[in-house]
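Inspection log for the structure reproduced underneath, given as structure tokens.
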Amino acid sequence: MSEFFSWRRSSRTQGQGQCVEVGFAENAVGIRDSKNPLAGLLTVERAQWWAFLERIRKGNTQR
């Protein structure tokens, strides 16, 4: 498994405690629960992550 670094939370969370953290590795992006980071994580390729964000930015959330 890749070692993730720079785990970050959304700045829009504002202390609500219901968010995910995103960490970047050389070839992957990890997504984990901020309240329970040791429970595991979802790993996707960096290209998949950026494509996902682009779809959200464009408002295209349909499959």
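Values in this text are rule-based calculations from the coordinates and carry no lab data. As the structure is a computational prediction, the values presented were derived from the model and not from experiment. Positions of Cβ are generated from backbone atoms using ideal geometry, with glycine treated the same way; all protein chains shown enter the neighbour counts.
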Problem set entry | Segment residue 31-residue 50, extension gain: residue separation times 0.36 nm, minus the distance between their alpha carbons | 5.5 nm
Exercise. For the peptides 33-41, 51-59, 20-28, what is the packing order when you average, over each peptide's residues, the other Cβ atoms within 10 Å and list the highest mean first?
Worked result: 20-28, 33-41, 51-59
For this session: Compute the length gained on full extension between residue 6 and residue 62: take 0.36 nm times their separation in residues and subtract their Cα-Cα distance, giving the result in nm to one decimal.
Result: 17.2 nm
